[in-house]
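Trainee: This is the structure I have questions about; it appears just below.
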Amino acid sequence: MVNQNAGTSQGSFEARLLTAHPETALIYELGAQLRGLPMPLVDWQDLLDKLRTHKTDPGTLGFPPLDDLPDEPCVPPEFFPVDDEADLAVKLTAFVRISLRQAEGHGSTARLRNPMHQRFAAVAEQTTGSGRRSGVFEQGSLLGAERGDTSGLDVHFPWVVTLVLRDCGNEQLLPWSWITDGFNTYTFDANAQFIALVDGMWSAYSLLVMREGYINRLVVLDQATMAGTTQNICLNPA
């Protein structure tokens, strides 16, 4: 089969891929800017210093002008150090994907003060994703939540737990079930998976999992033992 349009469209195949997938385009754009900086990138201040020294245009990073770059980190401390390009590729991809998950469903970006966060929110609105459901929990659960240590710097990075829901008896997956903290209600996806993004000010967070024909179950997410993990949970038939 011959593609009659081959060679007639403008732009490279790579450019067309980036245009078609905003998340990939954002990762590529950030990587193209950061990979030119001397490695390693030790910490946030080191990154700011090297951006200023090499006069990297921060506009494509979603930053304000160089003189107004934020002193507070826009990335979690786990991002550093960045040893080389290979390390940058892994950490940058993970950072962008988690940030976009956090930004999903927040609606208008007007309330986001940080230009980089505004950029992420705007891209999140464009991406169609893979159908995986995720939800941001930040207000404190009506079902019970515990605060973390908020005595330090007022920067609270979110933590993530992926939940997989099954029938307790036959272990069949239970897609499209409900999950709520009393303020927000979301659904598991077609593969019975749900990504819970919890504001860093909470060290523990309670969620109620529900499905018609099953007994509701209260699930307590614990930052110390569950952050970054996949947790298998189940419901018993009513």
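Trainee: With every protein chain left in place and a probe of 1.4 Å, what is the accessible surface of THR230, to the nearest 10 Å²?
Mentor: Here the accessible area works out near 80 Å².
Trainee: Given a 1.4 Å probe and the protein chains all in place, what does the accessible area of LYS50 round to, in Å² to the nearest 10?
Mentor: 40 Å²
Trainee: While we're on this one: Might you work out the accessible area of LEU142 for me, using a 1.4 Å probe with all protein chains in place, and round it to the nearest 10 Å²?
Mentor: Number for this one is 120 Å².
Trainee: Report the GluC sites (Glu not before Pro) located in segment 144-238 that are in a DSSP loop and have at most 13 other Cβ atoms inside 10 Å of their Cβ, or state none.
Mentor: Working: sites: GLU146, GLU171, GLU212; in loops: GLU171, GLU212.
Qualifying residues, ordered by number: GLU171, GLU212.
The values are calculated or read from the model by the stated rules, or taken from the named source; none is laboratory data. Every value quoted in this text rests on a predicted model; they were computed, and no experiment measured them. When we count neighbours, we look across all protein chains shown, and the Cβ atoms used for this are built from the backbone with ideal geometry, even at glycine. Areas reflect the complete protein model, heavy atoms only, side chains present, ligands, DNA and RNA absent. Shrake-Rupley method; radii C 1.70, N 1.55, O 1.52, S 1.80 Å.
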